[in-house]
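Report on the structure given below.
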Amino acid sequence: MLIIVLLVELCYSNKTPTAIEPTTMVSILNTKVNDTFDISLQSQLTTGYMWVFKTILDNEESIVKIINESFQQDNPQVGNYPVDVIGGTETYTVTFIARKKGTIDLKYIYRRVWLKEGEGYEEIRIFHVNVD
């Protein structure tokens, strides 16, 4: 009987579930005009998580521009198992070129894209880029 009362209380409670606070990490990058730089982020695509780029870059006016994106499996061979192991890790690398002087914050959120922002586990990476 006690179990039923607890289940009913949980089902009809007015309390909203508490959101998981995202982990945020800020890095500072210094570069010069016309230099390239890489941002590398570890991911687990086979678990549904991916890095979502949240900074809007205006192609004509932006301080930096994306020139390449790539994925590289971190452990392509695990014993005799195939290279596409579920839950395996990859490194997502984005190459930028610094186009003009200034500062910009490049923001990435690691999340499951089918969930609304703030639902489930999230990591936030902000790269504060100074271009001289």
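Summary of values
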{"item": "The stretch 33-131, accessible area per residue, ligands and nucleic acids excluded (1.4 Å, Å²)", "result": "60 Å²"}
{"item": "Counted charge near Glu119, where neighbours are those whose Cβ lies closer than 10 Å (Asp, Glu -1; Lys, Arg +1)", "result": "+1"}
{"item": "Protection proxy ranking, peptides 21-31, 44-54, average beta carbon neighbours within 10 Å, highest first", "result": "44-54, 21-31"}
{"item": "Distribution of pairwise C-alpha distances over the stretch 33-131, 5 Å bins, in %", "result": "2, 12, 20, 20, 16, 14, 9, 5, 2, 1"}
{"item": "Rounded percent of accessible protein surface that carbon and sulfur make up, the stretch 33-131, 1.4 Å probe", "result": "50 percent"}
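The values are calculated or read from the model by the stated rules, or taken from the named source; none is laboratory data. A quick note: this is a predicted structure, and the numbers were derived from the prediction, not measured. Ideal geometry is used to build each Cβ from the backbone, glycine not excepted, and the neighbour counts take in all protein chains shown. Keep in mind that these areas ignore ligands, DNA and RNA; they rest on the heavy atoms of the full protein, side chains included. Shrake-Rupley method; radii C 1.70, N 1.55, O 1.52, S 1.80 Å.
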